[in-house]
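Undergrad: Sharing a structure with you now.
Coordinate-derived values only; no laboratory data. Computed from a predicted structure; not experimentally measured. Cβ coordinates were reconstructed from backbone atoms using ideal geometry, including for glycine residues, and neighbour counts include every protein chain displayed.
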Amino acid sequence: MDKIINAELPDKAEDPTGFEAVVQFMLHGSCREVNTSCPCMIAGKCSKYYPRDFCPYTSVSYDGYPVYRRRKDGREAEKNKHTLDNRSVVPHNLDQLVKYQAHLNVEWCNKHRSVKYLFKYMSKGLDMAHASVQEVRRNVNNGNMNAQPVDEIETFLKCRYVSASEACWRMFAFEIQYKQPHVQHLTYHLETEQDVFFDDSEAPDDVLNRVGDAITTHTEWMTTNQKHEDACQLTYAEFPTKWVWDNNGKIWTRRQKGFKIGRIYFANPNSEESYYLRLLLNIVKRAKCFPDLRIVDKVVHPTYKSACNSLSLLDGDDEWHVALNETAS
Ligand SMILES: [Zn+2]
């Protein structure tokens, strides 16, 4: 992380260009007590949590956010007549900063808990400009400047700006996005709890007779494991890489061409056994029936949760995710 992201003032003598760029673009503040009218101030606090604490080394906090190195090395810089130090440096990449000479916040996001960073800009909307001229009145009582009340409806009326290059791109119908590789969604269920589909006109007894009978990608994965030794080399999630699901014949056949990865449908941790079953499906191989999924060291555990526990997949009762196989899940 330290190789890519810097959150400290460079040495002024050694790297004057870097130092100048950080001072000009990447110092947050001053806010708090010295400048309470700074836009970042909300309810008397800096909403961006500056100045941060000094920190001798970079680490990742328990909630997945990076805590960057900000050493107490005595380096300081003047900005707007205030003296700031490493605690006020916004994380950035020094090379990029010097090259582009603009505010460039770079953050590390390798944990799904900081997923906000990954999708923030995709969901922020298109490039647009929204401007208005407003009268600002001075409050007769305290002399402060009062902005007009915010008209939320007017704020909601947004104007879309399409640049020339984007307009051309769309007119030529070039791809805006593509997906690679192909993904096979994998359903799963507890034993005999597969979905049952029926017509309104069907007799309830006929429907009930079918409960637990349906062949699914999940049950058929275990059946394939019974029949083929090489199938046992793969977890359920890995199965589509080497096997193809035939939805008409309800059977997995060996893959001849192409490539797909498998992803098992999400389970809410509140769903208890379903959730724990899903964790196991991402790591267990050669399961030929449901109880096989609960085997750890030749012991068949009574519940999926207990199997997960003995595999050390859970930190505690409040465990929401496993470090192991996070990408596969
Ligand atoms: Zn602030």
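Undergrad: Counting pairs of alpha carbon atoms under 8 Å apart in space and at least six apart in sequence, what relative contact order in percent does the chain give?
TA: Answer for the chain is 11 percent.
Undergrad: Once the range 1-105 is represented by equal point scatterers at the alpha-carbon sites, with solvent omitted, what log10 I(q)/I(0) does the Debye formula produce at q = 0.22, 0.24 Å⁻¹?
TA: -1.27, -1.41
Undergrad: Give me the one-decimal nm value for the distance between modelled label points at E193 and Q226, 7 Å along each residue's Cα-to-Cβ direction.
TA: It is 2.2 nm.
Undergrad: Same structure again: Once the mean 1/r over all distinct Cα pairs of the range 182-310 is inverted, what Kirkwood radius in angstroms do you read off?
TA: 15.6
Undergrad: Efficiency by 1/(1 + (r/R0)^6): what FRET value for D151 and Q180, r their Cβ-Cβ distance, R0 = 56 Å, to the nearest 0.05?
TA: 0.80
Undergrad: Given the chain, report the % of alpha carbon pairs whose separation exceeds 34 Å.
TA: That fraction is 54 percent.
Undergrad: How many angstrom separate the Cα center of the range 27-44 from the Cα center of the range 208-249?
TA: Between the Cα centres of the range 27-44 and the range 208-249 lies a distance of 59 Å.
Undergrad: What are the residues whose amide H is under 5 Å from the amide H of L186, where those residues sit 5 or more places off or on another chain and H is modelled from the backbone?
TA: The list, which skips near neighbours in sequence, is R263, I264, Y265.
Undergrad: Need one number: nm distance between label points at A13 and N247, each 7 Å from Cα along Cα→Cβ, rounded to one decimal.
TA: According to this spin-label approximation, the distance is 7.0 nm.
Undergrad: Still on this structure, please answer the following. With a point put 7 Å past each Cα toward its Cβ, work out how far T216 is from D73 in nm, to one decimal.
TA: Placing both labels 7 Å along Cα→Cβ, they lie 5.6 nm apart.
Undergrad: Most exposed first by the Cβ proxy, i.e. fewest other Cβ within 10 Å, how do W252, W245, W169, W221 rank?
TA: Going from least to most buried by this count: W169, W245, W252, W221.
Undergrad: Which pairs, out of K12/K99; K260/K285; K120/K179; K3/K179; K3/K72; K227/K305, put more than 22 Å between their alpha-carbon atoms?
TA: Flagged as over cut-off: K3/K179; K227/K305.
Undergrad: In degrees between 0 and 90, to the nearest 10, how far off the longest principal axis of the chain does helix 217-227 point, with axes built from Cα atoms?
TA: 50
Undergrad: Per DSSP H run of n ≥ 4, the term is -39500 (n - 2.57); total these for the chain, divide by its residue number, and report the mean residue ellipticity at 222 nm rounded to 500 deg cm²/dmol.
TA: Taken over the chain, the calculation gives -5500 deg cm²/dmol.
Undergrad: I would also like to ask the following. Reachable aspartates and glutamates from K242, Cα under 14 Å, same-chain residues fewer than 8 places away excluded?
TA: E229, D230
Undergrad: Tell me which residues come under 5 Å, amide H to amide H, from T58 once H is placed; ignore anything under 5 positions away on its chain.
TA: Residues meeting the criterion, in which the H sits 1.01 Å from N, are R69.
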